[in-house]
Structure formats: C-alpha cells, structure tokens
Amino acid sequence: MPSLHLKPKKKSVKPVVKKAIPTSGDLFALSEIEKPKFKRVTPIQARLIEAAAAEAGDETPLYLHTVFCQTVLPYRDPGDEVREWERQNGNVCLEVVAGKAMSPNAGEGFVKVGLPFGSKARTVLMHINQRALIAKSPAVEMEDSLTRFVRHVLHLDPKGRNMRMVKEQLARLSASSIRLGIVQDGHALTINSQIVTAFDIWFPKNENQRVLWPSVIRLSSEYFESLQSHAVPLDEAHIAALSHSAMALDVYAWLAQRLHRVPQGKPAHVSWGALHAQFGQGWDRIDNFRRVFRVALREVLTVYKTARIEEDARQKPTRYSVGGQQIVREPALGGLTLHNSPPPVARRLLPLA
C-alpha cells in the first residue's frame, strides 16, 4: 500500500481491455489449446494438437457398446466394499456387479475381484470390442495386439507396472457380471452376461517377471451378439489423445453416439442437472462439476472438430428490493444445446452383422 505521508507519483493509465468470453456458438475455440498461456506445451496438449491436425485415415476404429456410450463406469476405484455399480440415462441402463475368481493358491477357493474403473478399463474394453468385430468372432487374439495398443493408444511403455495396471482392469472386466438394458421401439431388452467368460487374471509373484497376456480370450455370446448390433465406432487417434481422462473419454463417446442422431434443425437441449446426473460422479456441487466438465469438453472438441455444441449464455443475477431488503436471485444453471453433427468416424469400416 502507498504511504499515507507521501504523495504517489502519477502513472499513465492504460485502457482496460476485457477478454472476450466465448459466446453461444463459439463454445471452445481450438486456439485455446493451440496457443496455451504457458511457454511449454504439455504432453497432453501436444497429443491433442497432433490429433486435431491429423486427417481421418483408413485405420480401423475402436468400438464401444452404445450402453457404455450413454452410461459410465466409475472414474476412480470405488473401493473393495463397493460390489455393485448402476447407471441409467434415458432409455438405457448399465449394471456392473463385481465378481470372484479362482485363487492360484491351493485351498483358497474363489476370491473377490473389484469393479473396473478409470480410463484404462474403458480403453481396454474398446480394444477388445475392436478385435472381436474384426475377427467376427467372440474369440479374441490378444497378446501382440494388446501390447501394441498399450504403446500406441495409451502411450505407455508395455512393460512392468504399466502392463500390470492394464491387466488389472482387464481382470476386473473379466470377473464382473454386467446387465445391459435398452428400451427401443416399445420393447425392453435386457442382456445378462459377462463380457469375458474365461481369463487368467493373476500376475507373476516376482515384480520383475514379465506380465504375460493370454493368446486368446473369449467374449460371452450374449455380449458379442449385442455388440454387433449396437457398436459405436470411435476414432483411435482421438481416443489416444484423450486416454489420460476417463471423463473426456465418456464425453467423447457420448457425443459420438448422440450428435448425429439429433434431428436437422431441431437442436436438443441438455441441462447442467442432466449432465451432472450422467457424468458428475464424485461432485456433489454442480458448479464444481461444471468447471471440471468444461475442461473435459474443451479437450473433446479439440479433436472432434465437427461437433456443433453451444452453451447457454450466462445470465446476470436479478437484484430487487423487498421491504427495504436487497434480494439477489441467481439465474437457472442452463446447459448445452446439441446440434446435428457428423460422427467422428464417418462410417463403419467393418461389415458388422
């Protein structure tokens, strides 16, 4: 603070220039990622920029079941005590029940295995779906393809701890039972199954020993049949760029499944309350969730450049006086408006049944 006894020198006053706030129709500009405020581009920003600049090629897309595009797995480990996970969104419902697996130690019998969670569970599931649909068979060749997937999509060295983390999520997926529910054309379809029916989930006891993958895993016939009818194609380069964030993967898959279904000229509005119910696990306050969601959405729109989304313009609080007391009424939270947009993968590159 200036001294009370010294007259401060006059300084030239520069005009205040207000930074433009993204308005409706210009939600998140690509330049915000391409020209970061920091001098050094982070690895995540570099991947996003590279994926945004790349042209769509002829690579085989990854696939996710439509129920997993509209509902989500846990973002973080819910803990060993949580054995069931259920999410519903509109006409689809997902239930995952943690399972058990035979212990490799004689006399222990079956032991509990936790629920799948995080970005690795999501990306591994996409990879399994891709391999099954390519082979047109529930029997999936895994060993070499999954090692490549860990290196090129997850950007991890396929050794030691990294492979153990990936295999742990594959083990949790394989031990879990799932229930997929879809209401379509007046019919309610329920699929009770496991994604993987048989898999050796245990790790070598020696930490330095190589983590081996099985040569083949087998999907359940119920899940594979449903996948053939309800698989949503996703761009592998986009998934690689977003693989650091489970929420970003969920938002990307949701938009890939949703935007091209929005009728032309009839945009769909999604409130922040509905977005919080769908993606807001772990955030009790919607305003806190909204800040995190915006970061994930900014990253998604950096790679999914054809997505047309608007955010409701911010409304100012209403101020009025009642009996001499000043009252401030906060505006409604608003939400997002979705416009018809082409999907990130223009067409299915596999002749699915």
### Task
Please state which of the following conditions ILE128 fails to meet, knowing it meets all the rest: (1) over 20 Å from the mean Cα position of the chain (by Cα); (2) in a helix (DSSP H, G or I); (3) more than 22 Å from PRO43 (Cβ to Cβ).
(1)
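Within the range 101-120, does at least one residue satisfy the condition of being within 22 Å of VAL216 (Cα to Cα), in a strand (DSSP E or B) and in contact with a Gly (Cβ under 9 Å, 6 or more places away or on another chain)? Reasoning before the result, please.
Filtering the range 101-120 for residues within 22 Å of VAL216 (Cα to Cα) gives 101-104, 113, 116, 120.
Those left that are additionally in a strand (DSSP E or B): 101-102.
From the residues that got through so far, the ones that are in contact with a Gly (Cβ under 9 Å, 6 or more places away or on another chain) too are 102.
Yes, there is a match, as at least one residue in the range 101-120 is within 22 Å of VAL216 (Cα to Cα), in a strand (DSSP E or B) and in contact with a Gly (Cβ under 9 Å, 6 or more places away or on another chain).
Would you check which residues across the range 62-97 are outside any strand (DSSP E or B), under 25 Å from ARG131 (Cα atoms) and of a type in the set (A, V, I, L, M, F, W, C) and list them? Reasoning before the result, please.
Of the residues in the range 62-97, the ones outside any strand (DSSP E or B) are 66-83, 90-91.
Right, trim to under 25 Å from ARG131 (Cα atoms) and you get 66-75.
Result: VAL67, PHE68, CYS69, VAL72, LEU73.
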### Query
ARG76 versus (1) in the same structural domain as VAL150 (by TED's automatic domain parsing); (2) over 21 Å from the mean Cα position of the chain (by Cα); (3) loosely packed, with under 11 Cβ neighbours inside 10 Å: which is the lone unmet condition?
(2)
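The values are calculated or read from the model by the stated rules, or taken from the named source; none is laboratory data. Computed from a predicted structure; not experimentally measured. We place every Cβ from the backbone using ideal geometry, glycine too, and count neighbours over all the protein chains shown.
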